[in-house]
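The values are calculated or read from the model by the stated rules, or taken from the named source; none is laboratory data. Here the structure is a predicted model, which is why all the values come from computation and not from measurement. Note: ideal-geometry Cβ built from the backbone for every residue, glycine included; neighbour counts use all protein chains shown.
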Amino acid sequence: MNQPVTWGPPRAERADAARNRRLLLVTAREIIAGQGAAQLTMDGLAERAGLGKGTVFRRFGTRAGIFAALLDDDERAFQEQVLAGPPPLGPGAPPLDRLIAYGRARIDFLIGHREIARAALDGREQVPAGSQTPMSREHIRFLLGEMSLAAADLDVLATQLTAALDGPLLLYLSSAILTQAAPQVSERLGRGWQDLIQRVCRPR
């Protein structure tokens, strides 16, 4: 969410490096699930994973880098569901249904990862996490192109709809809606997305 996401496979790693990466990510998730994101530290992760501190620092660089790696890992799993998962999120459903499903799933993802996304910020980003969503724009543009939307400027429309799903809007919006529990927030924003898409993509 705070790094550009690619459609291709991850860069090849040495077997030992890949093994350490998996171990560290699993361990980080265990710490977050049991104690919360605020309790995850570089030293604590190294100790619990049974690896040297140097290994953790070389892998992630900073504490924020741990959270960025967790986001990247989950982003790839999310992409896989979009590219090859069951419909309507994956292929096989009408484009309107897929677009609605994509927005709802993306909102669930962003709300579910908001604490991790905040922790991934280390002050070096020019913009908040979630601003770079090339997958969203490309996917939305593709689905719009599959519909009959008359003379609509699909490039501009795709950009505007992508902005409606952008991380900063959902993660940092000053709104009473975000004081609710995550499932309530996701459901309310999801209904809003569905209403928006049905209105914008109404047959002319």
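Do you know which residues across region 158-183 are of a type in the set (S, T, N, Q), at pLDDT 80 or above and in contact with a helix residue (DSSP H, G or I) (Cβ under 8 Å, 6 or more places away or on another chain)? Across region 158-183, the qualifying residues are THR159, THR162.
Somewhere in region 117-136, is a residue loosely packed, with under 13 Cβ neighbours inside 10 Å, modelled with pLDDT of 85 or more and more than 21 Å from PHE78 (Cα to Cα)? Break it down stepwise before answering.
Applying the first criterion (loosely packed, with under 13 Cβ neighbours inside 10 Å) to region 117-136 yields 123-124, 126-127, 134.
Narrowing further to those that are modelled with pLDDT of 85 or more: none.
Among the residues of region 117-136, not one is loosely packed, with under 13 Cβ neighbours inside 10 Å, modelled with pLDDT of 85 or more and more than 21 Å from PHE78 (Cα to Cα), which makes the answer no.
Table: residues versus (1) in a helix (DSSP H, G or I); (2) at pLDDT below 95; (3) hydroxyl-bearing (Ser, Thr, Tyr); (4) on the phi > 0 side of the Ramachandran plot.
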{"site": "ASN2", "(1), (2), (3), (4)": "no, yes, no, no"}
{"site": "GLU13", "(1), (2), (3), (4)": "no, yes, no, no"}
{"site": "ALA28", "(1), (2), (3), (4)": "yes, no, no, no"}
{"site": "ILE31", "(1), (2), (3), (4)": "yes, no, no, no"}
{"site": "ALA46", "(1), (2), (3), (4)": "yes, no, no, no"}
{"site": "ARG58", "(1), (2), (3), (4)": "yes, yes, no, no"}
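Given the residues ASP97, ASP155, ASP108, which is the only one that is farther than 29 Å from ASP73 by Cβ, part of a helix (DSSP H, G or I) and either modelled with pLDDT of 80 or more or within 14 Å of the chain's Cα centre (by Cα) (or both)?
Numbers: ASP97 fails: farther than 29 Å from ASP73 by Cβ; ASP108 fails: farther than 29 Å from ASP73 by Cβ.
Result of the check over ASP97, ASP155, ASP108: ASP155.
Beta carbons closer than 6 Å, at least 6 apart along the sequence or on distinct chains, pair a first residue in region 179-201 that is closer than 13 Å to ARG106 by Cα with a second that is among the charged types (D, E, K, R) for SER186/ASP108; GLY190/ARG104.
Quick grid of which residues meet (1) surrounded by 15 or more Cβ atoms within 10 Å (Cβ to Cβ); (2) without any contact (Cβ under 8 Å) to a residue 60 or more places away in the chain; (3) within 30 Å of LEU161 (Cβ to Cβ):
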position: ARG29; (1), (2), (3): yes, yes, no
position: ALA33; (1), (2), (3): no, yes, no
position: THR62; (1), (2), (3): no, no, no
position: LEU70; (1), (2), (3): yes, yes, yes
position: LEU83; (1), (2), (3): no, no, yes
position: PRO88; (1), (2), (3): yes, yes, yes
